[in-house]
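Colleague: Input: one structure, supplied below.
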């Protein structure tokens with residue numbers, strides 16, 4: 001495990017969203033002390049097309065080098081998806097990033113030390129096929145479950161198959177990784193707010209829209 005953590009800050013030196021201008025700082029740990037190793041001025045324009053967003057994220061990931069941990073105020077959509085493809089862990093934090101470095105590093109190290117194989121939980125119980133090719137998933141039940149199942153483990157197998165007619169999802173919020181996945185697969189997504197704590201997401205392959 002590399003002893004580096006990249007953080008994204010604004011001009012007030014506090015954690016910022018990748019969708020606002022800022023700076024990427026890579027901290028390196030040596031003798032128990034975190035020091036700045038390298039910096040990069042960075043900006044993602046939300047109005048950019050998918051290709052340009054990916055190009056800019058590729059530059060950021062290249063700058064990070066062997067650093068596999070990134071922390072910022074908010075990382076969603078395409079940036080989250082690109083980090084995930086590059087096997088970079090993402091942490092969302094508030095305030096001064098240097099106050100979180102030891103905590104993030106210790107938690108990442110604990111995960112890396114896990115050698116006991118965990119039995120992969122079943123996700124089928126959370127997927128209901130209401131008719132041929134049409135699925136319903138209540139992500140609120142997934143989030144409340146103690147089975148150790150994540151929204152990604154439930155949804156991604158269906159999205160990868162791409163042989164469905166529609167997927168209807170009931171949830172509290174859109175999973176941060178989902179937006180990037182839908183863009184990459186060029187799927188159609190419709191979001192309807194039911195109330196303050198609930199929304200329904202309807203997904204279709206582009207050919208079915």
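Colleague: Which of rounded, prolate or oblate describes segment 124-208 when judged by the alpha-carbon gyration tensor and an a/c cut-off of 1.5?
Modeller: On the way: a/c = 1.45, a/b = 1.24, b/c = 1.17.
Cα axes put segment 124-208 in the rounded bin.
Colleague: Next question, about the same structure. Could you identify which residue out of 72, 22, 197 has the top mean-square fluctuation in a GNM of the chain using Cα springs shorter than 10 Å?
Modeller: The residue that fluctuates most here is 197.
Colleague: With a ≥ b ≥ c the root eigenvalues of the C-alpha gyration tensor of the chain, is it rounded (a/c under 1.5), prolate (a/b larger than b/c) or oblate?
Modeller: Details: a/c = 2.19, a/b = 1.58, b/c = 1.39.
The shape class here is prolate.
Colleague: If packing is taken as the mean number of other Cβ atoms within 10 Å per residue, what is the order of 183-192, 168-177, highest first?
Modeller: Working: 183-192: 13.7, 168-177: 17.5.
In descending order of packing, they fall as 168-177, 183-192.
Colleague: Out of the DSSP beta bridges found with both residues in segment 4-150, what percent are antiparallel (nearest 5)?
Modeller: Numbers: 20 of 27 bridges.
So the antiparallel bridges in segment 4-150 amount to around 75 percent.
Colleague: Let me ask something else about it. Between 0 and 90 degrees, rounded to the nearest ten: what's the tilt of helix 151-161 against the longest Cα principal axis of the chain?
Modeller: Once rounded, one gets 60 degrees.
Colleague: Shape verdict for segment 4-113, please, from the Cα gyration tensor: rounded (a/c under 1.5), prolate (a/b greater than b/c) or oblate.
Modeller: On the way: a/c = 1.81, a/b = 1.45, b/c = 1.25.
Since a/c reaches 1.5 and a/b is larger than b/c, the shape of segment 4-113 is classed as prolate.
Colleague: Order of 199, 57 from fewest to most other C-beta atoms within 10 Å?
Modeller: On the way: 199 17, 57 22.
Neighbour counts put them in this order, fewest first: 199, 57.
Laboratory data are not the source of any read-out in this text; all were calculated from the coordinates shown. Just so you know, these numbers come straight off a predicted model, no measurement behind them. Every residue, glycine among them, receives a Cβ derived from its backbone with ideal geometry; neighbour counts consider all protein chains shown.
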